[in-house]
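K.L.:
The structure's right below; bear with me while I get my questions together.
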Amino acid sequence: MAASSPCLATERKHWWLINRKVVDKNLREARALITTQEQSNVSTAVGLLDAALALSPRLEAALELKARSLLFLRRFREVADMLQDYIPSYKGGGGGGGGGGGDDGSTSSLGAGDHSLTASSAPLPRERANLLSPGRERSDGDRSFRCFSVSDLKRRLLAGLSRSSYREGEWRYLVLGHACCHLGMMEDAMVLLQTSRRLASAASRRESVCWSDDSFGPSAGEDGCSAAPPFSDSESASQLLAHVKLILRRRAAAVAALDASLPAEAVRHFTKVLDTRRGLPGSFAAGCLVGRAAAYRATGRLADAIADCNRALAVDPSIPALRARADLLEAVGALPDCLHDLEHLKLLYDAILRDRKLPGPPWRPHHDIRYGDIPANLHTLAARIQKLRGRIAAGEGNNVDYYSLIGVPKGCRRPELERAHLLLTLKHKPEKAVGFVDRLEFADDHRDLDAIRDQARMSASILYRMMQKGYASIMAAVMEAEATEKQRAKVAAANAAIQASTVKTAEKVNAARKESVLGSDKAAVAASAAAAAMLQSVFCRDMAVVGSMLSHRAMPVKYEALSC
């Protein structure tokens, strides 16, 4: 037994040395492949790093290289699965864990909410305990040696411990922040990128403590060259952080406007978010589309709201988008389509209860869905489905409110209807409905962009046909109203003509009556004049007779003198 114990220790040491050599070889080959920055070579490097991590699961260099390689290959889900304990909204890891340490088993766990120096109590790896920096070459060729006091040695030792702790955690937050941004988890990305920048600043301050008095440059590696990350990101973390903050600020303004009953302002802010120059992640864009659909519904533009829900479901089939579209279809009276969406929603609820977990990976946040509310929602949904089936059986399935769909009031005129229909047709053509897909980015490699475009085009075609049918129905009602109005105008014109003829006849009768009255008056005047003339002639004759009678007699005249 005493003889076999040294042999066992020798074999164990030999096994450890072999694994160490294999790991170092894989790391060297992976670095060489990563330097080329080609997709195939980086994929091969990921396989080598997996083999190295199988032998040494907590090797910090291998973990960092693998995370950066996955980020370069745009395999963001794998990055999130690898570092999910560092995601702030992930509650399964109990804060932050899963930190990588050296090959000897030392770990440095920097959680998402804890940035303390947890590695200061861990044993320092042997290869990192370089207390004395290498000498520098003088101009005359002599090598200088510097002497340190005990206090200086203690200060540099503590600085080395702090530097190792912060440097081991910094790349996790940087890489994971980029991955969360591309996955649509903007709040987590903002927290991670801010943490990465804060850790980098703290590490830089602590590194400056162990620099020599006349050196204020970046720390050099073992080969004398400054250490650099294997990949140079196309955009710096600060620029990405500024972009994330701008997007979140605009979305917060849109939500606040919607809560304040300002739907037009909410539509404007959501449109700014969706029309950003940078590519938006698909899941984040789907949430903004659902929010803008709610704002459109508040303004009475139901066709635009249904179109946004169709886009959201094509990009990210989620429960909120499906529920919003079902409510909109019920509001316009499209009960069969609403029933189809509600049955699909019921299947999703059943799947959640069967799997006993929410859809998607465990680290993805679900702000609008809670597992405890699923049974009550399922019961309410079943009652709603039963009620809709009863309404469809009663004959209400074809009573679509096309006025609400197109957005025109009842009794509208032809120009108003044509203008609203033209705007909707130009905006929601099936050929133009897939243009928004090109402005988005998708982290799921298994999702086919052609399938997303086909689904968006099919949903847009259904909505387009519904709008055309509504336009034809409303136009028929408008034409019937115009024909009725024309008929009413004709009847009114005929009545007016009859009334005018009646008035003319009455005027003629009145004129004839007036003429007859005037004629009778003239005859009376002539008769009275003739009577007067007759009386005058009789009077004159009598006067003549009297004169003749008086002419035969002498009338005595008495003259009297007039006194002066």
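The values are calculated or read from the model by the stated rules, or taken from the named source; none is laboratory data. Nothing here was measured: the structure is a model prediction, and the numbers come from that model. Note that each Cβ is placed from the backbone with ideal geometry, even for glycine, and that neighbours are counted across all protein chains shown. Side chains are part of the model used for accessible areas, which takes the heavy atoms of the whole protein and leaves out ligands, DNA and RNA. Shrake-Rupley method; radii C 1.70, N 1.55, O 1.52, S 1.80 Å.
K.L.:
Carbon and sulfur atoms: what percent of the 1.4 Å accessible area of segment 12-73 do they account for? Write out the running numbers ahead of the final one.
P.N.:
Values: 1970 of 3400 Å².
About 58 percent, which is the carbon plus sulfur part of the accessible surface.
K.L.:
With θ set to phi - 60° and the Karplus curve 6.51 cos²θ - 1.76 cosθ + 1.60, what are the ³J(HN,Hα) couplings of segment 481-488 in order, to the nearest whole Hz, using x for Gly and Pro?
P.N.:
5, 5, 5, 4, 5, 5, 4, 5
K.L.:
Oh, and also: For a paramagnetic label modelled at 7 Å from the Cα of His366 toward its Cβ, which residues of segment 305-340 fall within the zone defined by backbone nitrogen distances under 17 Å?
P.N.:
Counting backbone N atoms under 17 Å from the label point, the list is 316-324.
K.L.:
Turning to a different aspect of this structure: In Å³ and rounded to a whole number, note down the convex hull volume per residue for the Cα atoms of segment 12-73.
P.N.:
62 Å³
K.L.:
Between Asp350 and Asp448, how high is the FRET efficiency from 1/(1 + (r/R0)^6) when r is the Cβ-Cβ distance and R₀ = 25 Å? Nearest 0.05.
P.N.:
It comes to 0.40.
K.L.:
How large, in percent, is the carbon and sulfur part of the accessible surface of segment 468-513 at a probe radius of 1.4 Å?
P.N.:
C and S fraction of accessible area: 62 percent.
K.L.:
What are the residues whose amide H is under 5 Å from the amide H of Glu441, where those residues sit 5 or more places off or on another chain and H is modelled from the backbone?
P.N.:
The list, which skips near neighbours in sequence, is Leu280, Gly282.
K.L.:
Same structure, new question: May I ask you to derive the FRET efficiency for Lys427 and Ser201 from their Cβ-Cβ distance with R0 = 35 Å, giving the value to the nearest 0.05? Before the final figure, lay out the partial values.
P.N.:
Details: r = 48 Å, r/R0 = 1.37.
After rounding, the FRET efficiency stands at 0.15.
K.L.:
Also: Taking segment 279-478, how many lysine pairs are there with alpha carbons less than 24 Å apart, if each pair must be eight or more places apart or span two chains?
P.N.:
The result is 7.
K.L.:
I've got another one for you. Under a Cβ-Cβ cut-off of 13 Å, what is the net charge of the residues other than Thr299 that fall near it, where Lys and Arg count +1 and Asp and Glu count -1?
P.N.:
It works out to a net charge of +1.
K.L.:
Between rounded, prolate and oblate, where does segment 279-478 land on the alpha carbon gyration tensor, with a ≥ b ≥ c its root eigenvalues, rounded for a/c under 1.5, else prolate if a/b exceeds b/c?
P.N.:
Oblate, since a/c reaches 1.5 and b/c is not below a/b.
K.L.:
Spin-label point model (7 Å from Cα, Cβ direction): what's the Arg249 to Ala393 distance in nm?
P.N.:
Modelled inter-label distance: 5.7 nm.
K.L.:
Using each residue's phi in segment 77-84, evaluate 6.51 cos²θ - 1.76 cosθ + 1.60 at θ = phi - 60° and report the 3J(HN,Hα) Karplus result to the nearest Hz, with x for Gly and Pro.
P.N.:
Each residue of segment 77-84 in turn: 5, 5, 5, 5, 5, 6, 10, 5 Hz.
K.L.:
For segment 269-425, what is the accessible area per residue in Å² when the probe is 1.4 Å?
P.N.:
On a per-residue basis, segment 269-425 sits at 49 Å².
K.L.:
Additional query: Quick one: what are the phi-derived ³J(HN,Hα) couplings along segment 498-514, Karplus 6.51/-1.76/1.60 with θ = phi - 60°, whole Hz, x for glycine and proline?
P.N.:
4, 5, 5, 5, 4, 5, 5, 4, 4, 5, 5, 4, 5, 5, 5, 5, 5
K.L.:
Using Cα-Cα distances under 8 Å and only pairs 6 or more residues apart, what relative contact order does segment 279-478 have, in percent? Could the numbers behind the result be given before it?
P.N.:
On the way: 207 pairs, mean separation 54.8, N = 200.
RCO, segment 279-478: 27 percent.
K.L.:
Charges at C-beta only: +1 for Lys and Arg, -1 for Asp and Glu. How large is the resulting dipole of segment 279-478 about its Cα centre, in Debye rounded to 20?
P.N.:
It works out to roughly 540 debye.
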